[in-house]
Structure formats: C-alpha cells, structure tokens
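Just below is one structure, and these are the notes that go with it.
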Amino acid sequence: TGIINDSEKIFTLEELQVSNMIENDATKLSLYLWKIAEMSQGFSGRTLRKIPFLAHALFVGSQKMSHETFLNAMQNAVAKQIQDRTDLSS
C-alpha cells in the first residue's frame, strides 16, 4: 500500500537458515521481524492480523516510514498486547 518507503529486502525463514541466522547489514531487519514473531507466539490469528494495524495506528506518527520504523512499531504493538493480556488476567 506504499506505507513503507524503502526497498530493503526482508528474507524468508529459509533464506535466513541458509545464512545460519547470522546477523549482518543484509539480515538485520529480517532477524528483527523473526524476533517479533517469536514474541507473538500464542497469539490468536485474530490478534496477529491486528498487529500491523495497531502498530500503524498507535506507534507511527507518519503515513510513510522505513522498514525499521515499522518493525519498531510492530514490536511495540506486540508488547502492548502482552501487557494488555497481563492486565486482564490480574
């Protein structure tokens, strides 16, 4: 939809495994996305579908952004979902 304005490649899990999950300039963002996915384990499909929308609505101040900015927002959205779950169970 044109929200992310850079062209950095996000590697698939298979491509990351070929590189032995080694972090370098090329794989940094892909591994960051993998970390966010690991944080999201246990979320329902419905919650997972909401994460990008929540990230954009709650944690991004512009219409256009870099991959890194959006991934930061996604991590914040996942952390908020985790905190909300904790608050509800208390």
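The values are calculated or read from the model by the stated rules, or taken from the named source; none is laboratory data. What you are looking at is a predicted structure, and each value in this text was computed from that prediction instead of being measured. So basically every Cβ, Gly included, is an ideal-geometry build from the backbone, and we count neighbours across all protein chains shown. For accessibility, only protein heavy atoms count, side chains too; no ligands or nucleic acids. Shrake-Rupley method; radii C 1.70, N 1.55, O 1.52, S 1.80 Å.
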| task | Filter region 4-42 down to residues that are under 16 Å from residue 68 (Cβ atoms), part of a helix (DSSP H, G or I) and among the polar types (S, T, N, Q), then give me how many there are. | result | 1
| query | Any chance region 49-65 includes a residue that's assigned to a helix (DSSP H, G or I), at pLDDT 95 or above and loosely packed, with under 13 Cβ neighbours inside 10 Å? | reply | yes
| Close pairs from region 1-13: first open to solvent by less than 70 Å² (accessible area, probe 1.4 Å), partner among the β-branched types (Val, Ile, Thr) and outside any strand (DSSP E or B), Cβ under 8 Å, at least 6 apart | 11/27
| task | May I ask you to say which residue of 71, 88 is part of a helix (DSSP H, G or I) and open to solvent by 40 Å² or more (accessible area, probe 1.4 Å)? | result | 88
| task | Return only the number of the condition from (1) in a helix (DSSP H, G or I); (2) in contact with a Ser or Thr (Cβ under 6 Å, 6 or more places away or on another chain) that residue 83 does not satisfy. | result | (2)
